[in-house]
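Peer 1: Structure provided below as structure tokens; questions to follow.
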Amino acid sequence: MSDTTLVIEHNEAQGRFGTRVDGHACVLDYQLRDNTMIIQHTGVPSAVGGRGIAAALTRHALDTARQRGWRVLPLCSYAVAYIVRHPDYQDLVV
């Protein structure tokens, strides 16, 4: 699944990036502290897993952090693994 087919919404008040796929909510939750995005959880139901949805959410969150000048502290194991696989985001990590 490509990013162009997903509509990812950023609810800054809730600290969440989210999308719906086949009726299932897929999310990335974070907290913002002192200009640092703390990525806490990425959740994609198994019914829609394996389609690159978590990657798209993570990429969108990291791109948002870069655009806003935020640093990133990935506590979520998926986000950590994503950054390891995509070292171009390594400069954001605290």
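The values are calculated or read from the model by the stated rules, or taken from the named source; none is laboratory data. The structure presented is a predicted model; accordingly, all values stated were derived computationally and were not measured. For neighbour counting, all protein chains shown are included, and Cβ atoms are generated from backbone atoms with ideal geometry for every residue, glycine included. Just the protein is used for accessible areas: all its heavy atoms, side chains included, with ligands, DNA and RNA removed. Shrake-Rupley method; radii C 1.70, N 1.55, O 1.52, S 1.80 Å.
Peer 1: If Ala61 satisfies all but one of (1) surrounded by fewer than 18 Cβ atoms within 10 Å (Cβ to Cβ); (2) touching a Phe, Trp or Tyr at 6+ places or on another chain (Cβ under 8 Å); (3) outside any strand (DSSP E or B), what's the number of the condition it fails?
Peer 2: (1)
Peer 1: Further question: Quick one: is Thr64 under 19 Å from Tyr89 (Cβ atoms), in contact (Cβ under 8 Å) with a residue 24 or more places away in the chain and more than 12 Å from the chain's Cα centre (by Cα)?
Peer 2: no
Peer 1: Quick one: in the range 15-54, which of the residues that are assigned to a loop (DSSP other than H, G, I, E, B) and without any contact (Cβ under 8 Å) to a residue 12 or more places away in the chain is farthest from Val80 (Cα to Cα)?
Peer 2: Filtering the range 15-54 down to residues assigned to a loop (DSSP other than H, G, I, E, B) leaves 15, 22-23, 34-35, 44-45, 49-52.
So of that shortlist, the ones also without any contact (Cβ under 8 Å) to a residue 12 or more places away in the chain come out as 23, 34, 49-50.
Numbers: Gly23: 27, Asp34: 20, Gly49: 18, Gly50: 18 Å.
Filtering first and then ranking leaves Gly23.
Peer 1: Just checking, does the range 14-26 include any residue being open to solvent by 60 Å² or more (accessible area, probe 1.4 Å), hydrophobic (A, V, I, L, M, F, W, C) and farther than 20 Å from Val94 by Cβ?
Peer 2: Here is the first cut: in the range 14-26, the ones open to solvent by 60 Å² or more (accessible area, probe 1.4 Å) are 14, 16, 20, 22, 24.
Now restrict to residues that are hydrophobic (A, V, I, L, M, F, W, C): none.
No, the range 14-26 has no match at all.
Peer 1: Could I ask something else about it? Can we say Val84 is of a type in the set (A, V, I, L, M, F, W, C), open to solvent by 90 Å² or more (accessible area, probe 1.4 Å), assigned to a helix (DSSP H, G or I) and at pLDDT 95 or above?
Peer 2: yes
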